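To start, the structure under review is shown below, and the notes come after it.
The values are calculated or read from the model by the stated rules, or taken from the named source; none is laboratory data. All figures in this text were calculated on a predicted structure; none of them were measured in a lab. Ideal geometry is used to build each Cβ from the backbone, glycine not excepted, and the neighbour counts take in all protein chains shown.
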């Protein structure tokens, strides 16, 4: 049976073709029950043996047939057609019952409701495509005691439900109330013609009136079935009054929505009438178009962001402006970008600090050799944090020559504490807006680098590195160093205000670390707000140890030489430090080691290319030759030394003075 089984129409009236559903058979016509009318039935009495015999059963999709009406049914399934043909030949009544799910093509007993309607076929027509259209006279409710599936069609042993005829004053009053509700329903429902009310003139008692009205009210299948299962007329009438009250309220709301939309439409907005009407309906029903869904999602994110009360109030105000702004307006993008920035900031998200001092000391020693003072300062901070949570984030400033490990030390501090790490380079920054953000009045405005870094970290307590703070410069656009005063002041940064956000953001949990090469280039007021830790540089012994622990393994792995025997003796390392580099850090030393290993890699490849292949398409075997870099062969790899050592003059001479000099690259001897 197709969905034709569930469609009804007024006798003699052409069926409606307004709506088609997926899954129908080819050339099948679909009928909407709420758009059609039923004809009242006079009721033909049943024979006594018919009530006891197993009668043919026809399952219906999306339709409940009520007694006391004549209803058209469209039959498409083979078993249902066989049941109708058998009933017609034997002059038997048929049982029609609704399916629990319309998607089941071959229903079993468990797929059917247990209360149906006993009907007689009064007319049947065969369509060219093999389907049937029949008119049935619905006579009474019946309860299915047993459903049999062993034949060519379904049969059922039923028990008729006899309802009393109610004609007392209470029933008459209830019938009048029901008629009033239905007349109001007809006024508000344009899908039903007013002539439906004339069908009720033939009704003789309350139960018949209820069934006729229930057959024409547009409600869900489950509610129709619930009305069919109520045998007592008074109870059924009260349930139908409640249904009509609900439907009338819905229709009145729909009418009010239509009226409100029409009132808002001006002459210049007529083209948008249908869109405005749809939006108003969706607002009333709690549904929305994609734009409304996006607005609801944005509001949900605002409420879940756990902002400060000030920020949440501002975000909701911007959300209201966005809802009133057309999506094609450029101002809508301004509102949306501002809200996106607010909800993406970590207002209440923090990482848990690892306050294990032994663990932190181990990580710091693994990553860096020496640098005892900054390591000690970090361990002191962790010790205080274990004793109290009221301590604000420290603001350190590492000052030292290039290559001594200022930036990498900050990254190691973040790893030791279990915090996120953010780095912002301030070299060459000349505009104050780079730090505090642009006003939203400017096109393409963005928050400053501090807020951008916090969004990237996605936590409110990262280790925030302000690199090259001594390279800041000021011009007519403002002084960025002055803008950093609020950021780097522990007494003020709990209420930092970005020009773009225009709401306060708490920076007191951020661990700020600044780096600089020259202390004199840092403005005094800025330097006064930080705790300066000087990294003067590495001694020769420290450089040798750093190269052995960190630089040489790193470069061997980077150049693919970690599987070869390559060694650098003490003499070659001394030459690398004194004659090929001249610096306080180890950046130049790392570059010379990289150059040395590149030359070694080339030599290894040349040796392996001279070896025969072990098989077709196979790689040549690795060389087992050991490579040792010594003071005697280092010039072969790196060329002539770039710097000459300056030994102290053993003997004093006329006109020669010996002294010490300090430079950014470290100390040196002057003669």
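Before we move on, is residue 252 modelled with pLDDT of 85 or more and in contact with a strand residue (DSSP E or B) (Cβ under 6 Å, 6 or more places away or on another chain)? Taking the combined requirement at face value, the residue does not satisfy it.
Filtering the stretch 130-146 to residues that are buried (at least 22 other Cβ atoms within 10 Å of the Cβ), assigned to a strand (DSSP E or B) and touching a helix residue (DSSP H, G or I) at 6+ places or on another chain (Cβ under 7 Å) leaves 134, 141.
Remark: residue 341 falls outside the filter, which requires a residue to be in contact with a strand residue (DSSP E or B) (Cβ under 9 Å, 6 or more places away or on another chain) and within 23 Å of residue 307 (Cβ to Cβ). Taking the listed residues 395, 399, the one that is buried (at least 16 other Cβ atoms within 10 Å of the Cβ) and closer than 24 Å to residue 456 by Cα is 395, with no other qualifying. For residue 490, state whether it is at pLDDT below 85, in contact with a strand residue (DSSP E or B) (Cβ under 7 Å, 6 or more places away or on another chain) and within 30 Å of residue 382 (Cα to Cα). Yes. Annotation: residue 113 fulfils all but one of (1) surrounded by 13 or more Cβ atoms within 10 Å (Cβ to Cβ); (2) modelled with pLDDT under 85; (3) under 19 Å from residue 227 (Cα atoms); the unmet one is (2). Among the residues in the stretch 411-421, are any part of a strand (DSSP E or B), under 18 Å from residue 509 (Cβ atoms), under 28 Å from the mean Cα position of the chain (by Cα) and in contact (Cβ under 8 Å) with a residue 40 or more places away in the chain? The answer is yes, given that some residue of the stretch 411-421 is part of a strand (DSSP E or B), under 18 Å from residue 509 (Cβ atoms), under 28 Å from the mean Cα position of the chain (by Cα) and in contact (Cβ under 8 Å) with a residue 40 or more places away in the chain.
Looking only at residues of the stretch 622-644 that are in contact with a strand residue (DSSP E or B) (Cβ under 9 Å, 6 or more places away or on another chain) and part of a loop (DSSP other than H, G, I, E, B), we find that the one that is modelled with the highest pLDDT is 630. Quick check: anything in the stretch 569-576 assigned by TED's automatic domain parsing to the domain that holds residue 597 and touching a strand residue (DSSP E or B) at 6+ places or on another chain (Cβ under 6 Å)? Yes, the conditions are met somewhere in the stretch 569-576. Being at positive phi and either at pLDDT 85 or above or loosely packed, with under 12 Cβ neighbours inside 10 Å (or both) is a property that residue 321 lacks.
Rundown of residues vs (1) assigned to a helix (DSSP H, G or I); (2) crowded, with 18+ Cβ neighbours inside 10 Å; (3) not assigned by TED's automatic domain parsing to the domain that holds residue 140, yes/no style:
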{"position": "183", "(1), (2), (3)": "yes, no, yes"}
{"position": "204", "(1), (2), (3)": "no, no, yes"}
{"position": "212", "(1), (2), (3)": "yes, yes, yes"}
{"position": "215", "(1), (2), (3)": "yes, yes, yes"}
{"position": "219", "(1), (2), (3)": "no, no, yes"}
{"position": "222", "(1), (2), (3)": "yes, no, yes"}
{"position": "244", "(1), (2), (3)": "yes, yes, yes"}
{"position": "252", "(1), (2), (3)": "yes, no, yes"}
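One residue is enough: does the stretch 163-180 have a residue meeting the conditions outside any loop (DSSP other than H, G, I, E, B) and under 25 Å from residue 98 (Cα atoms)? Scanning the stretch 163-180, I find no residue that is outside any loop (DSSP other than H, G, I, E, B) and under 25 Å from residue 98 (Cα atoms), so the answer is no.
So is residue 349 touching a residue at least 60 places away in the same chain (Cβ under 8 Å), surrounded by fewer than 19 Cβ atoms within 10 Å (Cβ to Cβ), within 30 Å of residue 502 (Cβ to Cβ) and touching a helix residue (DSSP H, G or I) at 6+ places or on another chain (Cβ under 9 Å) or not? So residue 349 does not fit the description; no.
Among the conditions (1) touching a strand residue (DSSP E or B) at 6+ places or on another chain (Cβ under 6 Å); (2) modelled with pLDDT of 85 or more; (3) outside any strand (DSSP E or B), the only one that residue 393 does not satisfy is (2).
The set of residues in the stretch 70-97 being buried (at least 23 other Cβ atoms within 10 Å of the Cβ) and within 11 Å of residue 131 (Cα to Cα) consists of 73, 74, 75, 80.
Filtering 376, 318 for residues that are over 18 Å from residue 462 (Cα atoms) and out of contact with any helix residue (DSSP H, G or I) (no Cβ under 8 Å at 6 or more places or on another chain) leaves a single hit, 376. Go through (1) farther than 20 Å from residue 445 by Cα; (2) in a helix (DSSP H, G or I) and name the single condition residue 335 misses. Of (1) farther than 20 Å from residue 445 by Cα; (2) in a helix (DSSP H, G or I), only one is false for residue 335: (1). Being out of contact with any strand residue (DSSP E or B) (no Cβ under 7 Å at 6 or more places or on another chain), under 29 Å from residue 525 (Cβ atoms) and surrounded by 21 or more Cβ atoms within 10 Å (Cβ to Cβ): is that true of residue 428 here? Considered against the rule, which asks whether it is out of contact with any strand residue (DSSP E or B) (no Cβ under 7 Å at 6 or more places or on another chain), under 29 Å from residue 525 (Cβ atoms) and surrounded by 21 or more Cβ atoms within 10 Å (Cβ to Cβ), residue 428 comes out as no. Under the condition of being surrounded by 19 or more Cβ atoms within 10 Å (Cβ to Cβ) and outside any helix (DSSP H, G or I), the residues counted in the stretch 534-565 number 3. Under the condition of being farther than 17 Å from residue 452 by Cα, surrounded by fewer than 16 Cβ atoms within 10 Å (Cβ to Cβ) and in contact with a helix residue (DSSP H, G or I) (Cβ under 6 Å, 6 or more places away or on another chain), the residues counted in the stretch 467-509 number 1.
Results for (1) more than 22 Å from the chain's Cα centre (by Cα); (2) in contact (Cβ under 8 Å) with a residue 40 or more places away in the chain; (3) loosely packed, with under 12 Cβ neighbours inside 10 Å, shown as yes or no for each residue.
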site	(1), (2), (3)
294	no, no, no
300	no, no, yes
305	no, yes, no
310	yes, yes, yes
316	no, no, no
330	yes, no, yes
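The set of residues in the stretch 510-528 being part of a loop (DSSP other than H, G, I, E, B) and surrounded by 16 or more Cβ atoms within 10 Å (Cβ to Cβ) consists of 510, 517, 522, 523.
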